[in-house]
Amino acid sequence: ACLWSPFVLAGHLYVVVGGGLGLHRWPPDGFSLPYLRAAALGTATLVVFGLLLLIRTLMPRFGPRLAVVAALGTTLASPVPYYVLVQPLMAHGNIFALACALVFVWFRAHQQPTLRRWAVLGALLGLLALTRWQAIVYGALLVPLILSGWRRRALPWLWLAAGAAAAVLAFLPQMVAWQMIFGRPLVILEWSRGSGFSWVRPFVLDVLLSADRGLFSWTPVALLGLLGLVALVRNRTSFAVGALAV
């Protein structure tokens with residue numbers, strides 16, 4: 001909702017103003033068709049923005065042609081189009097866009113760390129968790145960056161604190177919602193619903209190889225990406241190790 005808010009606000013203005021002028025009779029309830037279309041447009045816009053950031057990230061390292069082929073190939077050969085064209089109101093398209101933005105800022109923070117870039121990294125991680133709390137695993141991408149910064153003495157504690165504060169502030173709306181609904185600010189929803197979700201039983205083989213939406217069996221390009229990360233360990237160790245952990 002936070003990411004969609006500008007689009008939904010535009011949809012609301014269309015409903016209210018158009019209704020006031022007698023152009024239509026959509027109810028201003030937040031759930032009628034203009035609101036849904038506005039949120040879907042928000043997802044599509046964010047995905048395109050993320051794709052452009054992904055291309056921008058790859059171009060300096062691999063050239064424009066390979067960057068475009070790799071970004072378009074991995075996007076179009078993944079579930080991303082489904083979550084833009086069929087199920088745009090789910091979190092997946094927004095997660096893709098935020099992950100691309102995180103990677104984009106990651107490389108800039110690695111090359112030239114600044115207080116602002118670390119604050120943006122923290123805010124993006126908080127937004128990822130806000131959008132879908134399991135996306136907190138993207139924090140693993142920041143661990144090698146933190147360790148390398150400490151090793152090079154290029155990461156002051158103030159910058160790290162700014163990143164942590166930005167992450168908490170970005171995630172705060174979810175904590176407020178959980179407090180209002182469940183009476184406590186941190187709730188693991190799958191645990192609270194008794195579905196049996198557990199971090200210590202991740203069902204790795206099923207997730208990767210199952211015929212029922214396994215990552216590699218349904219999205220073979222992801223296997224190529226995994227092999228690419230393994231090959232990248234030698235030249236860009238911090239990013240490759242963090243990405244493999246994610």
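The values are calculated or read from the model by the stated rules, or taken from the named source; none is laboratory data. Just so you know, these numbers come straight off a predicted model, no measurement behind them. For neighbour counting, all protein chains shown are included, and Cβ atoms are generated from backbone atoms with ideal geometry for every residue, glycine included. Please note that ligands, DNA and RNA were not included when accessible areas were found on the heavy atoms of the full protein model with its side chains. Shrake-Rupley method; radii C 1.70, N 1.55, O 1.52, S 1.80 Å.
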Single residue of Val103, Val68 found to be open to solvent by 50 Å² or more (accessible area, probe 1.4 Å) and at negative phi = Val68
Matching residues in region 118-132 - criterion: being β-branched (Val, Ile, Thr) and open to solvent by 50 Å² or more (accessible area, probe 1.4 Å) = Val120
Report yes if some residue within region 34-56 is touching a Cys at 6+ places or on another chain (Cβ under 6 Å), in contact (Cβ under 8 Å) with a residue 24 or more places away in the chain and within 19 Å of Ala222 (Cβ to Cβ); otherwise report no.
-> yes
List the number of the failed condition for Arg25; all other conditions in (1) at pLDDT 90 or above; (2) basic (Lys, Arg); (3) not in a helix (DSSP H, G or I) hold.
-> (1)
Heads up, the helices (runs of 4 or more DSSP H) in region 81-131 (entirely inside) with at least 1 residues that are within 21 Å of Ala222 (Cβ to Cβ) and without any contact (Cβ under 8 Å) to a residue 12 or more places away in the chain are 82-85
Report the residue count in region 83-97 for those that are more than 18 Å from Leu54 (Cβ to Cβ) and open to solvent by 40 Å² or more (accessible area, probe 1.4 Å).
-> 5
Just one listed residue, out of Leu169, Leu158, is among the aliphatic types (A, V, I, L, M), under 11 Å from Trp118 (Cβ atoms) and in contact (Cβ under 8 Å) with a residue 12 or more places away in the chain, and it is Leu158
Here the residues within region 133-162 that are modelled with pLDDT of 90 or more and surrounded by 15 or more Cβ atoms within 10 Å (Cβ to Cβ) are Ala135, Ile136, Tyr138, Gly139, Leu141, Leu142, Pro144, Leu145, Ile146, Trp159, Leu160, Ala162
How many residues of region 163-191 are open to solvent by less than 30 Å² (accessible area, probe 1.4 Å) and either more than 22 Å from the chain's Cα centre (by Cα) or aliphatic (A, V, I, L, M) (or both)? The answer is 4
Residues located in region 7-63, provided they are more than 17 Å from Gln87 (Cα to Cα), open to solvent by 80 Å² or more (accessible area, probe 1.4 Å) and touching a Gly at 6+ places or on another chain (Cβ under 9 Å) = Arg25, Trp26, Pro28
